[in-house]
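The values are calculated or read from the model by the stated rules, or taken from the named source; none is laboratory data. Just so we're clear, the structure is a prediction, and the values are computed from it rather than from any experiment. Methodologically, a virtual Cβ is constructed for each residue, glycine included, from the backbone with ideal geometry; neighbour enumeration extends over all protein chains shown.
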Ligand SMILES: Nc1ncnc2c1ncn2[C@@H]1O[C@H](COP(=O)(O)OP(=O)(O)OP(=O)(O)O)[C@@H](O)[C@H]1O
Ligand SMILES: [Mg+2]
């Protein structure tokens with residue numbers, strides 16, 4: 001079982017779009033895939049038309065460590081969702097009450113070992129006990145990054161945080177997201193950063209088709225499979241699979 | 001609350017019911033996905049390994065659309081695995097990696113072959129909640145199997161139909177509601193999946209397990225020795241014939257393997273069931289079969305090394321594993337050459353003549369004047385097995401820690417003869433007892449087999465290294481990695497030699513001796 005997470009301290013960078021599309025592609029290849037929508041706002045759940053509601057909320061999930069009966073099937077083969085819940089906004093408090101409070105997610109996932117090949121976590125922005133749990137449990141981190149100077153600084157902050165916390169098992173996979181080829185500043189930043197930051201070679205373009213996911217409420221490949229954005233997600237997933245294996 | 005969903009299926013004896021009318025007043029709105037037509041091709045190995053394990057693999061080709069590879073339990077409705085697929089399934093290592101855990105131990109080295117194909121029409125009804133999320137599905141599946149009428153060019157076909165209510169995880173309540181609805185409409189339900197596969201095989205007159213690689217002989221105790229021996233040899237000939245084509249085409253390595261086992265058994269039966277056929281006949285065919293054994297040996301060796309290769313590689317320290325790779329290419333090439341030679345031999349007139357003379361002998365009525373020919377087979381079997389058993393015990397007892405290797409090789413051969421005899425005649429004895437004794441013998445054989453195999457492997461690897469160097473520049477690293485491998489194999493052989501005395505002690509435990517005596521000498 002491989003555990004992946006889409007994470008960035010910054011908000012609105014394409015974390016959720018990445019999770020939804022990559023997890024869909026992963027499931028399409030026959031891997032039994034689970035997404036955990038960790039954002040109390042429930043964007044991922046929304047894209048899959050699943051109520052952002054988990055029986056018993058964070059408390060039941062974390063302290064009872066029962067996850068199986070909260071999972072919902074998506075409309076697609078091999079792809080299940082552990083939905084968001086509004087109570088996730090208080091998850092930090094519940095996590096604090098546990099022993100080894102930064103390793104609770106790892107414990108939770110251990111019971112899913114036989115059921116899934118891949119677990120994707122879609123994280124809310126910010127650094128919190130929730131995100132520390134994510135960083136402990138995950139093996140690979142997708143980091144969608146908008147090509148601006150400030151975004152790169154945020155990425156450096158994350159690198160530093162990971163170093164300080166000795167999260168040596170984590171493999172960081174930063175890539176550029178919402179790239180607008182017409183913006184010189186984007187191209188400049190990319191040119192300068194690609195070597196220093198060791199970003200993936202695939203870039204996700206800024207595209208209306210990605211925005212349309214909110215209207216269609218489906219992964220991009222369902223309604224715009226031939227679009228260039230859809231194809232770039234396919235390339236991104238191929239590149240990540242290469243790295244993972 | 002989680003609802004246990006086990007009865008998913010509704011019986012639909014024919015294809016006349018109009019589903020859309022039926023669903024006009026469902027409690028939950030639905031969306032109709034237009035009917036898809038598929039060609040469904042079933043796959044299994046030559047010896048039905050999937051079927052025996054209760055599994056099926058089907059390739060579902062959508063007309064003008066995607067192709068899916070689906071793995072199911074034969075009696076289940078939903079797939080265990082389902083992936084878009086663009087090739088034809090062949091070997092387990094080429095299947096999607098997710099499938100390996102389940103299927104590797106079942107299929108092993110065998111190739112998946114197409115069994116038959118049929119048409120499928122699948123109509124899906126998606127039940128949707130307020131958010132237009134699918135919460136349950138109803139699937140109507142019609143399968144049409146077609147066959148040619150005997151001796152005519154006309155086609156005949158049979159239709160099978162099923163209606164399945166498929167639950168979605170986390171939405172079982174909707175399923176329950178719909179289940180009740182269909183039930184009230186008068187649909188009978190059943191927990192069992194429609195056995196499309198079984199019914200189709202029946203319809204096509206295909207018999208599952210028409211080939212089974214384990215020896216499965218039923219000998220009537222009242223038979224005389226000649227009848228029983230002829231029967232054994234005829235069955236072995238059938239096995240050879242069944243594997244001939246696959247061996248020539250090299251479909252997978254198991255054809256040649258089974259082909260060779262049948263050759264060895266034939267030789268063993270000829271020489272070990274003594275006093276049944278005239279000496280000159282026995283000598284003639286022993287020679288012919290020795291020749292067949294020789295012809296097939298080299299290719300089998302290469303097959304074995306190719307199969308062992310990944311284990312070889314993994315036995316090395318990670319840092320030098322990749323150094324071994326040139327050996328693989330070498331083996332692969334060599335296997336191809338040997339296979340080519342074998343193919344030529346098996347298509348030669350000489351081979352054809354050997355088989356024809358053998359078949360003629362087995363099926364022609366001749367006079368049997370030898371001493372044992374007309375004695376009851378039970379007597380002859382008892383005698384032969386008992387004698388061979390005593391020989392094994394005697395040979396084994398003569399082996400000490402410093403006895404040279406030859407003695408162990410001799411013992412290994414005797415054990416093999418004993419094993420074949422016990423297997424030929426196992427139906428004459430109490431099933432559990434003979435099984436238990438074969439198991440006891442097998443443990444000893446494994447030890448002797450290891451001892452010999454390791455030695456042969458070392459010998460071969462040294463030869464390979466020489467050959468590889470003669471052929472072209474081979475990296476020093478590869479030769480060194482092979483050296484490490486040889487060291488492991490020698491250690492393995494040493495280990496097997498050390499374990500021998502303990503294994504043999506177990507083999508001749510008093511209770512085992514008593515069992516052997518009771519079973520094969522009971523009559524005396
Ligand atoms: N490549 C893209 N092109 C155009 N719009 C995009 C692209 N990727 C994401 N968006 C849009 O940007 C918004 C934010 O994207 P998304 O929700 O994926 O980011 P996020 O990092 O998960 O945000 P949050 O931090 O709020 O969770 C959404 O409206 C989405 O439709
Ligand atoms: Mg988000």
Does residue A:174 fit the bill of being touching a strand residue (DSSP E or B) at 6+ places or on another chain (Cβ under 8 Å) and either surrounded by 12 or more Cβ atoms within 10 Å (Cβ to Cβ) or farther than 18 Å from residue A:6 by Cβ (or both)? yes
Quick check on my filter: what residues within region A:198-208 are in a loop (DSSP other than H, G, I, E, B) and either within 14 Å of chain B (Cβ to nearest Cβ) or away from ligand 2 (no atom under 16 Å from the Cβ) (or both)? A:198, A:199, A:200, A:201, A:202, A:203, A:206, A:207
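Which of the residues spanning region A:177-196 are free of Cβ contacts under 8 Å to residues at least 60 places away in the same chain and crowded, with 18+ Cβ neighbours inside 10 Å?
Applying the first criterion (free of Cβ contacts under 8 Å to residues at least 60 places away in the same chain) to region A:177-196 yields A:179-196.
Result: A:179, A:186, A:189, A:193.
For region B:467-497, what are the residues that are over 32 Å from the mean Cα position of the chain (by Cα) and either in a loop (DSSP other than H, G, I, E, B) or loosely packed, with under 12 Cβ neighbours inside 10 Å (or both)?
So the first thing to find is which residues in region B:467-497 are over 32 Å from the mean Cα position of the chain (by Cα), and the list is B:467-481, B:483-484, B:487.
Listed by number, the residues that qualify are B:470, B:471, B:472, B:473, B:474, B:475, B:476, B:487.
State which residue is nearest to ligand 2 (Cβ to nearest atom) when the search covers only region A:1-21 and only residues that are closer than 25 Å to residue B:80 by Cα and crowded, with 24+ Cβ neighbours inside 10 Å.
Filtering region A:1-21 down to residues closer than 25 Å to residue B:80 by Cα leaves A:1-4, A:19-21.
Narrowing the set further to residues that are crowded, with 24+ Cβ neighbours inside 10 Å leaves A:4, A:19-21.
Working: A:4: 15, A:19: 8, A:20: 9, A:21: 13 Å.
Here the answer is A:19.
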Checking residue B:373 against (1) part of a helix (DSSP H, G or I); (2) farther than 15 Å from residue B:504 by Cβ, only one condition comes out false. Which one? (1)
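From the list B:364, B:357, B:348, exactly one residue is exposed (fewer than 14 other Cβ atoms within 10 Å of the Cβ) and at pLDDT below 95. Which is it? Working first, answer last.
On the way: B:357 fails: at pLDDT below 95; B:348 fails: at pLDDT below 95.
Unique residue meeting the criteria: B:364.
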Would you kindly identify the helices (runs of 4 or more DSSP H) lying entirely within region A:1-82 that contain at least 1 residues that are within 11 Å of another protein chain (Cβ to nearest Cβ), touching a strand residue (DSSP E or B) at 6+ places or on another chain (Cβ under 6 Å) and under 21 Å from residue A:137 (Cβ atoms)? A:15-28, A:43-47
Checking residue A:119 against (1) touching a residue at least 40 places away in the same chain (Cβ under 8 Å); (2) within 16 Å of ligand 2 (Cβ to nearest atom), only one condition comes out false. Which one? (2)
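Would you call residue A:211 closer than 24 Å to residue A:126 by Cα and within 16 Å of ligand 2 (Cβ to nearest atom)?
Yes, satisfied.
Could we say that residue A:236 is closer than 13 Å to residue A:18 by Cβ, in contact with a strand residue (DSSP E or B) (Cβ under 6 Å, 6 or more places away or on another chain) and touching a residue at least 40 places away in the same chain (Cβ under 8 Å) here?
No: the conditions fail for residue A:236.
If you check residue B:290 against the conditions, is it under 20 Å from residue B:356 (Cβ atoms) and surrounded by fewer than 18 Cβ atoms within 10 Å (Cβ to Cβ)?
Judged against the criteria, residue B:290 is a match.
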Please verify whether region B:176-193 includes one or more residues that are in contact with a helix residue (DSSP H, G or I) (Cβ under 7 Å, 6 or more places away or on another chain), farther than 29 Å from residue B:89 by Cα, surrounded by 12 or more Cβ atoms within 10 Å (Cβ to Cβ) and free of Cβ contacts under 8 Å to residues at least 60 places away in the same chain. no
Give me the helices (runs of 4 or more DSSP H) completely within region B:264-348, filtered to those with at least 1 residues that are over 30 Å from residue B:484 (Cβ atoms), ordered by residue number. B:279-315, B:325-346
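When you look at residue A:141, is it at pLDDT below 95 and closer than 26 Å to residue A:178 by Cβ, yes or no? It would help to see each step written out before you state the result.
On the way: at pLDDT below 95: no; closer than 26 Å to residue A:178 by Cβ: yes.
No; evaluated as a whole, the condition is false for this residue.
Rundown of residues vs (1) under 26 Å from residue B:164 (Cα atoms); (2) modelled with pLDDT of 95 or more; (3) within 14 Å of chain A (Cβ to nearest Cβ), yes/no style:
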site: B:65; (1), (2), (3): yes, no, yes
site: B:74; (1), (2), (3): yes, no, no
site: B:79; (1), (2), (3): yes, no, yes
site: B:84; (1), (2), (3): yes, no, yes
site: B:92; (1), (2), (3): no, yes, no
site: B:96; (1), (2), (3): no, no, yes
site: B:99; (1), (2), (3): yes, no, yes
site: B:121; (1), (2), (3): yes, no, no
Determine whether region A:139-146 contains at least one residue that is within 16 Å of the chain's Cα centre (by Cα) and more than 16 Å from ligand 2 (Cβ to nearest atom). yes
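A quick yes/no check of all residues on (1) surrounded by fewer than 18 Cβ atoms within 10 Å (Cβ to Cβ); (2) more than 14 Å from chain B (Cβ to nearest Cβ); (3) in contact with a strand residue (DSSP E or B) (Cβ under 7 Å, 6 or more places away or on another chain):
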position	(1), (2), (3)
A:95	no, yes, no
A:103	yes, yes, no
A:107	yes, yes, no
A:133	no, yes, no
A:144	no, yes, yes
A:150	yes, yes, no
State all residues of region A:22-38 that are near ligand 2 (Cβ under 9 Å from one of its atoms) and either within 15 Å of residue A:244 (Cβ to Cβ) or surrounded by fewer than 24 Cβ atoms within 10 Å (Cβ to Cβ) (or both); if no residue qualifies, say none. none
What about residue A:88, is it outside any strand (DSSP E or B), within 14 Å of chain B (Cβ to nearest Cβ), surrounded by 18 or more Cβ atoms within 10 Å (Cβ to Cβ) and out of contact with any strand residue (DSSP E or B) (no Cβ under 6 Å at 6 or more places or on another chain)? no
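Conditions tested, residue by residue: (1) within 14 Å of chain A (Cβ to nearest Cβ); (2) under 18 Å from residue B:48 (Cα atoms).
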residue	(1), (2)
B:157	no, no
B:160	no, no
B:170	yes, no
B:178	no, no
B:186	no, no
B:200	no, yes
B:213	no, yes
B:221	no, no
Can we say residue B:116 is touching a helix residue (DSSP H, G or I) at 6+ places or on another chain (Cβ under 7 Å), in contact (Cβ under 8 Å) with a residue 12 or more places away in the chain and over 27 Å from residue B:44 (Cβ atoms)? no
Just one listed residue, out of B:245, B:238, B:214, is free of Cβ contacts under 8 Å to residues at least 60 places away in the same chain and assigned to a loop (DSSP other than H, G, I, E, B), and it is B:214
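Given A:239, A:216, which one is under 26 Å from residue A:24 (Cβ atoms), within 14 Å of chain B (Cβ to nearest Cβ) and surrounded by 13 or more Cβ atoms within 10 Å (Cβ to Cβ)? Let's see the steps before the verdict.
Numbers: A:239 fails: within 14 Å of chain B (Cβ to nearest Cβ).
On inspection, the qualifying residue turns out to be A:216.
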Go through the residues of region A:214-231 one by one and say whether even a single one is in contact with a helix residue (DSSP H, G or I) (Cβ under 8 Å, 6 or more places away or on another chain), more than 16 Å from residue A:23 (Cα to Cα) and within 16 Å of ligand 2 (Cβ to nearest atom). yes
